[in-house]
Amino acid sequence: MNLKIFSAVVFALTTLLFNPGWAQETPSVDRTSTGGAQTLEDIMARQKQLEVDESFRSENLGDPANAAPITGPLGTQGGTSVADDYRAIRYNKIDPSTQVRGPAVDVLIQDEGMDWLQLREGPVLTYGGSAILGIILLLALFYFIRGKIRIAGGPSGTKIERFKAIERFGHWLLAGSFIALALTGLITLMGRSFLIPVIGHEAFSPLAIGSKWVHNNIAWAFMLGLVLTFVMWVAHNIPSKLDWQWIRQGGGFIGKGHPSAKKFNAGQKIVFWTVMVLGFSVSLSGLSLLFPFEMPMFASTFELVNSILGTDFPTALAPHEEMQYANIWHSIVAFLMMVAIIAHIYIGTVGMEGAYEAMGNGQVDLEWARQHHDLWVEEVQAKQGKGESS
Amino acid sequence: MKVMIAGFVAALVIAALAPVVLDQFGWSSAERWSSETSVRLD
């Protein structure tokens, strides 16, 4: 009886041992039935995400010495067959020339494109979309717990100029173009998955074409707005010791105290630098996408990163791979910006009483200014006392 | 409010002018890679 059980266990273990699903690589495949071409086992192994040795294809590029004559049945083109040629193209074993003018035209097959597509349609779309929904839910929850941050003691009725017209113009140029870019970018990335099933291909087509036009062209307004706001506000956003105190007191969001701050508090400085750094990065990758193949950046960036961190990022990239990296990076950075800007919009509108006026008409309540930017108010009043402009 | 609308309008004006200006610098999506030596089938 025990011997039978033992035999059954040994049989089961042996079966599992020889099951390809447990192996890291597929066992050697007999391809005589296909004349050396891939078999059903190869295809199934790839579908199971197993490593498949591609050398049976990448090395099988034809042998001119044994080629069938061109006049014979299944004759070749004088040395290699069409299949041989395409394998050579796919595995980059030839040096092609073409009469077509333009960059990257000699790349006819690029396998890495499938990785890009899966990354774009999978994690980028899923995690990016989840991040946007997550921050909206988090802010809604915060609103219900904390409520609107009111002006303690109510507004004074006296106004003070917070931002000049040129500052507000730069802000709204940046903000308006960013919102247009975010919406059209989301339509471009997610339209196939979420809009086509709802509105159909016919309605989505003009929407996608319009989104592309708006996205490509309003990007210049975004970059101009980024430069304008950087020039106007960088001096006010240099980190200082005050910022640390502001952070330690939770910025006044937690509790009822209002930490001291100059023109911009630490929270606003974080938003400023987030927008500047991510905005610069998204602009660079956007330019790379706007001028295809003419501004490759990732091979040289990877080279630099490898030399500093000792990493092993690929540095020999096909022109299309450069574009694919730029596209993925562009999407990731854009999602991070969207999350930060949604939080910024919240606190500038429904989250805080009196905050919107700063960018709405430039005039804020003096009591609001004293509670959130006390040191700035003192500076402005001191200058006004001397007859200078704020 | 007026400045906000001005910012939005400026963004749209820049977007409308961008292709025209880029064309002046020789960037045109329709013709950028064609040349007299290119083989055209159409």
| request: Name the residue farthest towards the positive end of the dipole of chain A from the options A:PHE178, A:THR229, A:GLY362, assuming +1 on Cβ of Lys and Arg, -1 on Cβ of Asp and Glu, about the Cα centre. | output: A:GLY362
| What is the local net charge at A:PRO155, summed over the other residues whose Cβ is closer than 9 Å to its Cβ (Lys, Arg +1; Asp, Glu -1)? | -3
| Value at 222 nm in deg cm²/dmol, rounded to 500, when DSSP H runs of n ≥ 4 in chain A each add -39,500 (n - 2.57) | -19500 deg cm²/dmol
| request: Tabulate in residue order the Karplus-calculated ³J(HN,Hα) for region A:363-370, using 6.51 cos²θ - 1.76 cosθ + 1.60 with θ = phi - 60°, rounded to whole Hz; enter x for Gly and Pro. | output: 10, 10, 5, 4, 5, 4, 4, 5
| task | List the residues whose amide H sits under 5 Å from the amide H of A:GLN363, counting only those 5 or more places along or on another chain, with H placed 1.01 Å from N in the peptide plane. | result | A:ARG162
| said: If you filter region A:311-390 for GluC sites (Glu not before Pro), then keep DSSP loop positions with at most 13 other Cβ within 10 Å, what is left? | reply: A:GLU388
| task | At a Cα cut-off below 15 Å, give the aspartates and glutamates reachable from A:LYS269, other chains included and same-chain residues fewer than 8 away excluded. | result | A:ASP243
| field | In nm, spacing of pseudo-spin labels at A:ALA152 and A:LEU309 (7 Å Cα→C-beta vector) | value | 4.3 nm
| said: If each residue of separation counts as 0.36 nm, what is the full-extension length gain between A:VAL277 and A:ILE199 once their alpha-carbon separation is subtracted? | reply: 24.4 nm
| query | Put +1 on the Cβ of every Lys and Arg and -1 on every Asp and Glu Cβ in the protein assembly as shown; which of A:GLY385, A:ASN306, A:TRP273 then has its Cα farthest towards the positive end of the dipole? | reply | A:GLY385
| HN-Hα J couplings of region A:81-86 from phi, Karplus 6.51/-1.76/1.60, θ = phi - 60°, integer Hz, Gly and Pro as x? | 7, 4, 4, 4, 4, 5
| note | Mean-square fluctuation maximum in Gaussian network of chain A, Cα pairs under 10 Å, restricted to A:SER81, A:SER33, A:SER281, hits A:SER33
| query | Taking only C-alpha pairs under 8 Å that are 6+ residues apart, what is the relative contact order of chain A in percent? | reply | 20 percent
| query | Got a sec to turn the phi values of region A:104-112 into Karplus ³J(HN,Hα) couplings, 6.51 cos²θ - 1.76 cosθ + 1.60 with θ = phi - 60°, whole Hz, x for Gly and Pro? | reply | 6, 6, 8, 9, 9, 10, 9, 4, 4
| task | Please list the non-local residues whose amide H lies under 5 Å from the amide H of A:ALA152, H modeled 1.01 Å from N, same-chain partners needing a gap of 5 or more. | result | none
| task | Quick one: which residues, 5+ away or cross-chain, put their amide H under 5 Å from the amide H of A:MET352? H built at 1.01 Å from N. | result | A:ILE149
| task | Using a 10 Å Cβ count of at most 15 others and DSSP loop calls, identify the longest part of chain A lacking such trypsin sites (Lys or Arg not before Pro). | result | A:257-385
| task | List the extent of the Cα atoms of region A:233-376 along each of their three principal axes, largest first, rounded to whole Å. | result | 59, 33, 26
| task | Would you calculate the volume per residue, in Å³, of the smallest convex hull containing every Cα atom of region A:257-322? | result | 135 Å³
| Shape box of the protein assembly as shown [Cα atoms, principal axes, largest first, Å] | 98, 85, 49
| task | Using the structure shown, select from A:LYS148/A:LYS262; A:LYS241/A:LYS263; A:LYS164/A:LYS262; A:LYS164/A:LYS383 the pairs with a Cα to Cα distance greater than 19 angstrom. | result | A:LYS148/A:LYS262
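FYI, it's all coordinate maths here, none of it is from the lab. Remember, predicted model here, so these are calculated numbers, not experimental data. Cβ coordinates were reconstructed from backbone atoms using ideal geometry, including for glycine residues, and neighbour counts include every protein chain displayed.
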